[in-house]
Amino acid sequence: EARVLPVLSTMLPITIPRPDWQGKPTDRFPWPFLGYRMIKGRTASEARLSAADRLRVAPDLARFLTQLHAIDTTLLDVPGDVLNRRDFVSRLPLMVERLDTIRRHGIIDDAAPWLLLFRDLEHAGRIEMSTLVHGDLYARHLLIDDRARLCGIIDWGDVHAGDAAMDLMLTFGFLPASARGAFFAEYGPVDSRLLRTARLRAAFHAVSVTWHGVGLCDAELMDEGRLALQFVLED
């Protein structure tokens, strides 16, 4: 983040953090940290966006990702996908466990609709990808202004050179099906592999966000998780 964000902040159409201060580990706080000026806005989860709001935001998200994904990763010192985020086979047991937790808390009645998405898995992990991606795009990392427009993208701890599907997951986890046409009209066409991988990533992420919200007793996060669980099933 310290190396990449100052460069990216001059190349993108939406405000992102620009680290101005770097803190070094001490005995009192044994981790490095970054400081940057506050970006005005509130998270999309806090804004409680309607379907119409999400439709309005869709082209802005698409323009942002079009420019981000066009940046040559060889110009930046970023890692590859060291977490192998496309390996849904090894993540499936964790998803089953988390689905069971949110079912027991009454958020869903049955895990089957989400598990069905993972039948006949295509193992995409063997395909080498080198697109510059944010890596963790969802409602808590999108900032919205008073007019319900996109005004910032935060939390870049997962930035890497990988699969564009890791960012395109927001078309399934943040946008209702009715807003996807507006997104792809701006972003451009994508192939079936990208769409399938994006939906699978969105499903895993939606389950994890909801499960995390349950663990924290965070009503706002649980509500956004419920929406993401709904959106990911929509065609």
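Just need a number here: residues in segment 198-233 that are of a type in the set (D, E, K, R) and open to solvent by 50 Å² or more (accessible area, probe 1.4 Å).
Residues flagged as of a type in the set (D, E, K, R) and open to solvent by 50 Å² or more (accessible area, probe 1.4 Å) within segment 198-233 amount to 2.
Just need a number here: residues in segment 138-194 that are of a type in the set (D, E, K, R) and closer than 15 Å to LEU61 by Cβ. Spell out the reasoning first.
If we filter segment 138-194 for residues that are of a type in the set (D, E, K, R), which is where we start, we get 140, 145-147, 149, 155, 158, 163, 167, 180, 186, 191, 193.
Now narrow it down to the ones that are closer than 15 Å to LEU61 by Cβ: 140, 145, 149, 167, 180, 186.
Result for segment 138-194: 6.
I'd like the full set of residues that are closer than 18 Å to SER208 by Cβ, open to solvent by 10 Å² or more (accessible area, probe 1.4 Å) and in a loop (DSSP other than H, G, I, E, B), limited to segment 156-174.
Within segment 156-174, GLY157, ASP158 qualify.
Within segment 18-29, is there a residue that is of a type in the set (D, E, K, R), out of contact with any strand residue (DSSP E or B) (no Cβ under 9 Å at 6 or more places or on another chain), closer than 27 Å to THR66 by Cβ and open to solvent by 100 Å² or more (accessible area, probe 1.4 Å)?
Yes, some residue in segment 18-29 is of a type in the set (D, E, K, R), out of contact with any strand residue (DSSP E or B) (no Cβ under 9 Å at 6 or more places or on another chain), closer than 27 Å to THR66 by Cβ and open to solvent by 100 Å² or more (accessible area, probe 1.4 Å).
Can you go through VAL89, VAL96 and tell me which one is at pLDDT 95 or above, open to solvent by 40 Å² or more (accessible area, probe 1.4 Å) and either touching a strand residue (DSSP E or B) at 6+ places or on another chain (Cβ under 9 Å) or among the β-branched types (Val, Ile, Thr) (or both)?
VAL96
Within segment 135-153, which residues are in a loop (DSSP other than H, G, I, E, B) and closer than 14 Å to LEU168 by Cα?
Restricting attention to segment 135-153, the residues satisfying the condition of being in a loop (DSSP other than H, G, I, E, B) are 135-138, 145-149.
Within segment 135-153, GLY135, ASP136, LEU137, TYR138 qualify.
State the number of residues belonging to segment 179-197 that are assigned to a helix (DSSP H, G or I) and loosely packed, with under 14 Cβ neighbours inside 10 Å.
4
On the basis of being surrounded by 14 or more Cβ atoms within 10 Å (Cβ to Cβ), in contact with a Lys or Arg (Cβ under 6 Å, 6 or more places away or on another chain) and more than 21 Å from ARG199 (Cα to Cα), does SER9 make the cut?
Details: surrounded by 14 or more Cβ atoms within 10 Å (Cβ to Cβ): yes; in contact with a Lys or Arg (Cβ under 6 Å, 6 or more places away or on another chain): yes; more than 21 Å from ARG199 (Cα to Cα): yes.
Criteria met by SER9.
List the number of the failed condition for ILE153; all other conditions in (1) closer than 20 Å to ALA70 by Cα; (2) surrounded by 23 or more Cβ atoms within 10 Å (Cβ to Cβ); (3) of a type outside the set (S, T, N, Q) hold.
(2)
Please tell me if PHE118 is of a type in the set (A, V, I, L, M, F, W, C) and over 25 Å from LEU132 (Cα atoms).
Yes.
Name the single residue that is nearest to ARG226 (Cα to Cα) among those in segment 1-60 being of a type outside the set (Gly, Ala, Ser) and in a strand (DSSP E or B).
Among residues in segment 1-60 that are of a type outside the set (Gly, Ala, Ser) and in a strand (DSSP E or B), the one nearest to ARG226 (Cα to Cα) is THR43.
If only one of SER178, SER208 is under 14 Å from the mean Cα position of the chain (by Cα) and polar (S, T, N, Q), which one is it?
SER208
Could you count how many residues in segment 46-71 are open to solvent by 20 Å² or more (accessible area, probe 1.4 Å), of a type outside the set (Val, Ile, Thr) and closer than 24 Å to MET11 by Cα?
Residues flagged as open to solvent by 20 Å² or more (accessible area, probe 1.4 Å), of a type outside the set (Val, Ile, Thr) and closer than 24 Å to MET11 by Cα within segment 46-71 amount to 7.
The values are calculated or read from the model by the stated rules, or taken from the named source; none is laboratory data. None of these values were measured; they are calculated from a predicted model. When we count neighbours, we look across all protein chains shown, and the Cβ atoms used for this are built from the backbone with ideal geometry, even at glycine. In case anyone asks, the SASA skips ligands and DNA or RNA and just uses the protein heavy atoms, side chains included. Shrake-Rupley method; radii C 1.70, N 1.55, O 1.52, S 1.80 Å.
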